[in-house]
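Enquirer: I'd like to ask some things about the structure below.
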Amino acid sequence: MDNTDKEILKLLSQDGRKPYSEIAKFLGISNTMVHQRVSKMKQKGYLKGVEVVLDERKMGYEWSAFTGIELKEDSDSKAIIAALEKIPEVIECYYITGKYTLYIRIVARDSEHMRSVLYEKIDHIPGVLKTESLIDFGTAFKRGVPIV
């Protein structure tokens, strides 16, 4: 990846819907070159795609929690992850080290909905030993990786 590729990625990371013609004009290169470079970066896996970012609160999800999941057996993780994927309120899932095997992020409409997700859905997944949640009061900032 050269400096032109990095500049294209910086511009797309600011606005994933920025027209290639604007990127080309800003960088002083052709539209075709931008298209070719973006295609090549997609093929090589540098650019996974452009996603829509929804405002959780405006979508009705007033509550969010980060939850560590302790498993009875770490070997159960694939089945537990498959079960977590079926719960729409679980929006992120990570493998981590330490006390917990998995760390998830949950969204909920209100405290009763959060309780229901935790106690009626997640705690009933076979292989889940225990959960511990931290309520999220809001995002101070979130960003992508630095492009250097």
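Enquirer: Taking the criterion of being out of contact with any strand residue (DSSP E or B) (no Cβ under 7 Å at 6 or more places or on another chain) and under 30 Å from THR4 (Cβ atoms), would at least one residue in the range 53-61 satisfy it? Steps first, please.
Expert: We begin by selecting, within the range 53-61, every residue out of contact with any strand residue (DSSP E or B) (no Cβ under 7 Å at 6 or more places or on another chain); these are 53-55, 57-60.
Retained after the next criterion (residues that are under 30 Å from THR4 (Cβ atoms)): 53.
The answer is yes, given that some residue of the range 53-61 is out of contact with any strand residue (DSSP E or B) (no Cβ under 7 Å at 6 or more places or on another chain) and under 30 Å from THR4 (Cβ atoms).
Enquirer: Just to verify a result, which residue in the range 113-145, among those that are part of a loop (DSSP other than H, G, I, E, B) and of a type in the set (Phe, Trp, Tyr), is farthest from GLU85 (Cα to Cα)?
Expert: PHE141
Enquirer: Counting just the residues of the range 3-29 that are assigned to a helix (DSSP H, G or I) and basic (Lys, Arg), which one comes out farthest from ILE91 (Cα to Cα)? Even if it seems obvious, please write down each step before you answer.
Expert: At the first step, the residues of the range 3-29 found to be assigned to a helix (DSSP H, G or I) are 3-14, 20-27.
When the remaining residues are screened for being basic (Lys, Arg), the result is 6, 10, 25.
Details: LYS6: 29, LYS10: 26, LYS25: 37 Å.
Filtering first and then ranking leaves LYS25.
Enquirer: Counting just the residues of the range 19-34 that are of a type in the set (A, V, I, L, M, F, W, C) and surrounded by 14 or more Cβ atoms within 10 Å (Cβ to Cβ), which one comes out nearest to LYS142 (Cα to Cα)?
Expert: Step one: filter the range 19-34 for residues of a type in the set (A, V, I, L, M, F, W, C), giving 23-24, 26-27, 29, 33-34.
From what is left, the residues that are surrounded by 14 or more Cβ atoms within 10 Å (Cβ to Cβ) are 23-24, 27, 29, 33-34.
Numbers: ILE23: 24, ALA24: 27, LEU27: 27, ILE29: 31, MET33: 30, VAL34: 27 Å.
Taking the candidates together, the pick is ILE23.
Enquirer: Turning to a different aspect of this structure: Could you figure out which of (1) surrounded by 14 or more Cβ atoms within 10 Å (Cβ to Cβ); (2) over 16 Å from the mean Cα position of the chain (by Cα); (3) part of a helix (DSSP H, G or I) isn't true of LEU84?
Expert: So LEU84 meets the others, but not (2).
Enquirer: Restricting to the range 39-55, count the residues that are over 13 Å from the mean Cα position of the chain (by Cα) and on the phi < 0 side of the Ramachandran plot. Break it down stepwise before answering.
Expert: Of the range 39-55, the ones over 13 Å from the mean Cα position of the chain (by Cα) are 39-47, 55.
Narrowing the set further to residues that are on the phi < 0 side of the Ramachandran plot leaves 39-44, 46-47, 55.
Summing the residues that are over 13 Å from the mean Cα position of the chain (by Cα) and on the phi < 0 side of the Ramachandran plot in the range 39-55 gives 9.
Enquirer: Sticking with this structure for a sec: Could you check, for the range 92-105, whether at least one of its residues is in a helix (DSSP H, G or I), in the same structural domain as LYS78 (by TED's automatic domain parsing) and over 15 Å from THR67 (Cβ atoms)? Break it down into steps so the answer makes sense when it comes.
Expert: Our first condition is that a residue be in a helix (DSSP H, G or I); within the range 92-105, this holds for none.
No, the range 92-105 contains no residue that is in a helix (DSSP H, G or I), in the same structural domain as LYS78 (by TED's automatic domain parsing) and over 15 Å from THR67 (Cβ atoms).
Enquirer: Additional query: Inside the range 95-117, can you point out the residues that are surrounded by 11 or more Cβ atoms within 10 Å (Cβ to Cβ) and over 20 Å from the mean Cα position of the chain (by Cα)? It would help to see each step written out before you state the result.
Expert: Applying the first criterion (surrounded by 11 or more Cβ atoms within 10 Å (Cβ to Cβ)) to the range 95-117 yields 95-96, 100-111, 113-117.
Within the range 95-117, ASP110, SER111, HIS113, ARG115, SER116 meet the criteria.
Enquirer: Checking the condition farther than 30 Å from ILE125 by Cα, surrounded by 13 or more Cβ atoms within 10 Å (Cβ to Cβ) and within 19 Å of the chain's Cα centre (by Cα), which residue from GLY68, GLY16 passes? Before the answer, list the steps.
Expert: Values: GLY68 fails: farther than 30 Å from ILE125 by Cα.
Only one candidate passes the filter, namely GLY16.
Enquirer: Within the range 35-62, count every residue that is assigned to a loop (DSSP other than H, G, I, E, B) and exposed (fewer than 13 other Cβ atoms within 10 Å of the Cβ).
Expert: Taking the range 35-62 first, the residues assigned to a loop (DSSP other than H, G, I, E, B) are 45-62.
Then keep just the ones that are exposed (fewer than 13 other Cβ atoms within 10 Å of the Cβ); that gives 45, 48-55, 57-60.
Number satisfying all stated conditions: 13.
Enquirer: A follow-up question, please. Looking at the structure I just gave you, is THR32 within 23 Å of VAL148 (Cα to Cα), assigned to a helix (DSSP H, G or I), over 22 Å from the mean Cα position of the chain (by Cα) and among the polar types (S, T, N, Q)?
Expert: Numbers: within 23 Å of VAL148 (Cα to Cα): no; assigned to a helix (DSSP H, G or I): yes; over 22 Å from the mean Cα position of the chain (by Cα): yes; among the polar types (S, T, N, Q): yes.
So THR32 fails the test.
The values are calculated or read from the model by the stated rules, or taken from the named source; none is laboratory data. This one's a predicted model, so the numbers in the text were calculated from it and none came from an experiment. In this analysis, Cβ positions are derived from the backbone assuming ideal geometry, glycine residues included, and neighbour counts consider all displayed protein chains.
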